[in-house]
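The values are calculated or read from the model by the stated rules, or taken from the named source; none is laboratory data. Model, not experiment: these values are computed from the prediction. With ideal geometry, Cβ positions are generated from the backbone for all residues, glycine too; neighbour counts draw on all protein chains shown.
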Amino acid sequence: MIELENISKTYKRSEGVTVEALRGISFRISPGEFVAVRGASGSGKSTLLNILGCLDQSTAGSYRLDGENVSARTDKQLSRIRNGKIGFIFQSFNLLPRTTAVENVEIPMVYNDGRVDRSRALAALERVGLAHRASHYATELSGGEQQRVAIARALINRPALILVDEPTGNLDLRAGAEVMGLLRNLHGEGRTILLVTHDDAIAAYTHREIELRDGSIVSDHRRTGEPMQLAPGGAS
Amino acid sequence: MMLGIVLGITSLAILTSIGESTKRETMQRFKNMIGTFDTVMVRPGGGRLRGMPTLVNVPPTLKFDDAQAMADLPEIRNVAEMQTAFDIDVKYRDRTSAPAVFGVSDNWLTLRSDEVADGAFFTSEQNVSLARVAVIGPDVRRDLFPVEDPVAKTIRIADVPFQVIGLLKSRGAGPAGGSLDNIIVIPVNTASRRLFNRDFLTMLIAQVKDTEHSGQAADAVAALLRERHHIRPPAPDDFTVTSPTATMARVTRAGSTLTKILTGVALMALLIGGVVIMSLMSIAVSERRKEIGVRRSVGAARGDIILQFLFEAVLVAFVGGIVGVLIGWGGMEIVTRIQKLPPLLVWQPFAAAIVLSILVGVAFGIYPAWKASRVDPIQALRS
């Protein structure tokens, strides 16, 4: 599913100073895995997320996604890959304001073949339990509802990989638990999910943890036994 | 936001259509006076003359013989002789009028592309035999014959009796706006010997054979007259040759200079409108960074983002352009009514104004749109 080999990313700052955000990272993720990438800020998590999400390209190394080499592509090709193979879920939901829930879910279809299928968007909202809120504006929804709309949006083009960035950071525990429950269900259906977090409780939902420090992988291990659950109202 | 564009397009539409409409009107009036464009005109006197040449304000240098000699030139088809005088007292019973009296040769109608509305024009025989016959313009008819049929009536021109034999068709207004219909036309020989008692002409109108080369014909006429009048350059000519084509070009150029200046002002307004669009689109881009991030993350290429923001800028400019054109149209209606210009509907400037507003939208929207496409999606989405 995902094969990273020796991925490096160097940023050029002013006056020839370069910053090495990733230093030769390699790992594989098989279809259906639920993986957490952890690390402190500045560890290279965001850079890795950008590269995995085809929003940025590595300076060196190769990246195969769903059997396709996606290194060294044009902006247009990367955009098509993002549209067809990747679903993003962000910490701050990022729904368009002044736009209804169902219209938000439809946005990826606009950039797919331009044909917007309202019934598919409604079905996706149904899946996240928000069919009754379809025609509400994004700003009228609670945080948890917004994130569920964002999940429906991420799923609409049936992506091969779902990338999640701190999905519960802006949510209270109850809403966070609901969102994580949804993600676990998606994993249960065989979706491949990669989640970036620094929260132990969130990482505990996953089956595998990759830890980054200073742009390198310091540990990569599978969780044994049943994953932990974030209990509503419980401490974390 | 669109005010600059609206103002720019409004003034541009008004100015260019007034310019265009005035130009057409000037050409029409000019044509009213000249009749045809395939002519060369000769006036006595070398310098500039104020107003129309008449028997009282021109030197007696242009003679009937000159006309005859000009008619023999290979470049010339036909020459009309003219003796003109203005404000001549004309009476019919107790009614009076003070029209211009034109003594002309019998080829006048062809040379001026004039027409007789009623009755007939005089013949060459009537000219040779000094017949006292007159063809009157519509204004004279209105003054002297409000109800009667003027044909075959006898009028007194400066106390000399003339028989009315015809009625001229209306020619409308001349370039200065005055009527060209307040006129009586009589045979030029009759005018010379029986009315004015002058043996010189006030104007010669020569019809050229080849309209394309009316300049050459004018040169040939000037050379002939210099020879006949024994003028050796650098001595100044005692006549002036003009061709309507050249005069027309000068008149139109004067009009277009004004149009150019005003168009410049309007373009300035449009430019300011464009800059306003650019800065407001730039603000919109920074306010909508998140939206750009979302669209990029779900598969919008940079080109898609550019198109989206460019379309928005063009839409704003286009709506501004439409509003400007509507206001401009209204303004145009008001101006034509105040200026008493004919309600001439010139649509081209309005179409051009709309196209121009779209171009302004593209020109000033492209930079903000490009900036939008360069927004880093992840940074935008995490902020």
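Does any residue of the stretch B:276-299 turn out to be at pLDDT 90 or above, outside any helix (DSSP H, G or I), surrounded by 16 or more Cβ atoms within 10 Å (Cβ to Cβ) and of a type outside the set (Lys, Arg)? Scanning the stretch B:276-299 turns up at least one residue that is at pLDDT 90 or above, outside any helix (DSSP H, G or I), surrounded by 16 or more Cβ atoms within 10 Å (Cβ to Cβ) and of a type outside the set (Lys, Arg). The sole residue among A:Leu55, A:Leu95 that is closer than 23 Å to A:Arg191 by Cα and at pLDDT 90 or above is A:Leu95.
Listed by first and then second residue, the pairs with beta-carbon distance under 7 Å, at least 6 apart or on different chains, first residue in the stretch B:220-233 and in contact (Cβ under 8 Å) with a residue 40 or more places away in the chain, second among the aromatic types (Phe, Trp, Tyr), are B:Leu225/B:Phe239.
Condition first: surrounded by fewer than 15 Cβ atoms within 10 Å (Cβ to Cβ) and either away from chain B (no Cβ under 14 Å) or within 14 Å of the chain's Cα centre (by Cα) (or both). Now tell me which residues in the stretch A:25-41 satisfy that. Reasoning before the result, please.
As a first pass, look at the stretch A:25-41 and keep what is surrounded by fewer than 15 Cβ atoms within 10 Å (Cβ to Cβ): A:26, A:28, A:30-32, A:40-41.
Matches in the stretch A:25-41: A:Ser26, A:Arg28, A:Ser30, A:Pro31, A:Gly32, A:Ala40.
Looking at A:Thr168, is it within 17 Å of the chain's Cα centre (by Cα), farther than 24 Å from A:Leu65 by Cα and away from every other protein chain (no Cβ under 14 Å)? Before you say what the answer is, go through the steps one by one.
On the way: within 17 Å of the chain's Cα centre (by Cα): yes; farther than 24 Å from A:Leu65 by Cα: yes; away from every other protein chain (no Cβ under 14 Å): yes.
In short, yes.
Only one of B:Ala131, B:Ala191 is in the same structural domain as B:Asn107 (by TED's automatic domain parsing) and in a loop (DSSP other than H, G, I, E, B); which? Even if it seems obvious, please write down each step before you answer.
Numbers: B:Ala191 fails: in a loop (DSSP other than H, G, I, E, B).
The conditions single out B:Ala131.
Tell me, which residue of the stretch B:70-118 that is among the acidic types (Asp, Glu) and in a strand (DSSP E or B) is surrounded by the fewest Cβ atoms within 10 Å (Cβ to Cβ)? Steps first, please.
So in the stretch B:70-118, the residues among the acidic types (Asp, Glu) come out as B:72, B:75, B:81, B:87, B:89, B:94, B:106, B:114-115, B:118.
If we keep only those that are in a strand (DSSP E or B) too, we end up with B:81, B:118.
Numbers: B:Glu81: 29, B:Asp118: 16.
Ranking the qualifying residues of the stretch B:70-118, first place goes to B:Asp118.
Out of the residues in the stretch B:276-305 meeting the condition of being of a type in the set (Asp, Glu) and within 7 Å of chain A (Cβ to nearest Cβ), tell me which one is farthest from B:Ala380 (Cα to Cα). So the residue we want is B:Asp304.
Does B:Leu307 satisfy the criteria of being assigned to a helix (DSSP H, G or I), exposed (fewer than 15 other Cβ atoms within 10 Å of the Cβ) and out of contact with any Pro (no Cβ under 9 Å at 6 or more places or on another chain)?
Details: assigned to a helix (DSSP H, G or I): yes; exposed (fewer than 15 other Cβ atoms within 10 Å of the Cβ): yes; out of contact with any Pro (no Cβ under 9 Å at 6 or more places or on another chain): yes.
So B:Leu307 fits the description; yes.
Whether a residue is surrounded by fewer than 19 Cβ atoms within 10 Å (Cβ to Cβ), more than 10 Å from chain A (Cβ to nearest Cβ) and either without any contact (Cβ under 8 Å) to a residue 12 or more places away in the chain or closer than 23 Å to B:Ser279 by Cβ (or both) was assessed, and B:Ile338 passes this test. Can you find a residue in the stretch B:259-279 that is hydrophobic (A, V, I, L, M, F, W, C) and closer than 30 Å to A:Arg80 by Cβ? No, the stretch B:259-279 contains no residue that is hydrophobic (A, V, I, L, M, F, W, C) and closer than 30 Å to A:Arg80 by Cβ.
If you check B:Phe64 against the conditions, is it within 22 Å of B:Val241 (Cα to Cα) and surrounded by fewer than 19 Cβ atoms within 10 Å (Cβ to Cβ)? Let's see the steps before the verdict.
Details: within 22 Å of B:Val241 (Cα to Cα): yes; surrounded by fewer than 19 Cβ atoms within 10 Å (Cβ to Cβ): yes.
It is true that B:Phe64 is within 22 Å of B:Val241 (Cα to Cα) and surrounded by fewer than 19 Cβ atoms within 10 Å (Cβ to Cβ).
Taking the listed residues A:Arg127, A:Arg148, A:Arg118, the one that is surrounded by 21 or more Cβ atoms within 10 Å (Cβ to Cβ), without any contact (Cβ under 8 Å) to a residue 60 or more places away in the chain, of a type outside the set (Asp, Glu) and out of contact with any Phe, Trp or Tyr (no Cβ under 7 Å at 6 or more places or on another chain) is A:Arg148, with no other qualifying.
Being buried (at least 21 other Cβ atoms within 10 Å of the Cβ) and among the β-branched types (Val, Ile, Thr) narrows it down to one residue among A:Thr74, A:Thr100, A:Thr168, A:Thr139; which is it? Residue meeting the stated conditions: A:Thr168. Of everything listed in (1) surrounded by fewer than 14 Cβ atoms within 10 Å (Cβ to Cβ); (2) within 11 Å of chain B (Cβ to nearest Cβ); (3) more than 27 Å from A:Glu145 (Cβ to Cβ), the single unmet condition for A:Val17 is (2). So for the stretch A:172-183 (the condition being in contact with a strand residue (DSSP E or B) (Cβ under 8 Å, 6 or more places away or on another chain) and more than 14 Å from chain B (Cβ to nearest Cβ)), does at least one residue qualify? Within the stretch A:172-183 (the criterion being in contact with a strand residue (DSSP E or B) (Cβ under 8 Å, 6 or more places away or on another chain) and more than 14 Å from chain B (Cβ to nearest Cβ)), the answer is yes, since at least one residue qualifies. Starting from residues that are at positive phi and in contact (Cβ under 8 Å) with a residue 40 or more places away in the chain, keep the ones in the stretch A:86-115 and report whichever is nearest to the other protein chains (Cβ to nearest Cβ). Looking at the filtered set, the residue picked out is A:Asn94. In the stretch A:47-60, the residues that are facing another protein chain (nearest Cβ under 9 Å) form Cβ pairs under 7 Å with partners that are part of a loop (DSSP other than H, G, I, E, B) and surrounded by fewer than 22 Cβ atoms within 10 Å (Cβ to Cβ), at six or more places apart or across chains, as follows: A:Asn50/A:Asp56.
Of the residues B:Ile184, B:Ile155, which single one is under 14 Å from B:Gly119 (Cβ atoms) and in contact with a Gly (Cβ under 9 Å, 6 or more places away or on another chain)? Before you say what the answer is, go through the steps one by one.
Values: B:Ile155 fails: in contact with a Gly (Cβ under 9 Å, 6 or more places away or on another chain).
Of B:Ile184, B:Ile155, the one residue that is under 14 Å from B:Gly119 (Cβ atoms) and in contact with a Gly (Cβ under 9 Å, 6 or more places away or on another chain) is B:Ile184.
Looking at B:Pro187, B:Pro138 in this structure, which one is surrounded by fewer than 20 Cβ atoms within 10 Å (Cβ to Cβ) and within 22 Å of B:Met52 (Cβ to Cβ)? Step through it out loud before you land on a result.
Working: B:Pro187 fails: surrounded by fewer than 20 Cβ atoms within 10 Å (Cβ to Cβ).
Sole residue among the options that is surrounded by fewer than 20 Cβ atoms within 10 Å (Cβ to Cβ) and within 22 Å of B:Met52 (Cβ to Cβ): B:Pro138.
Residues of the stretch B:190-224 that are crowded, with 18+ Cβ neighbours inside 10 Å, under 20 Å from B:Gln83 (Cα atoms) and of a type outside the set (S, T, N, Q): B:Ala191, B:Leu195, B:Phe196, B:Leu201, B:Met203, B:Leu204, B:Ile205, B:Ala206, B:Val221. Which one of these is within 12 Å of chain B (Cβ to nearest Cβ) and not hydrophobic (A, V, I, L, M, F, W, C): A:Asn83, A:Asn69? Answer to the check: A:Asn83.
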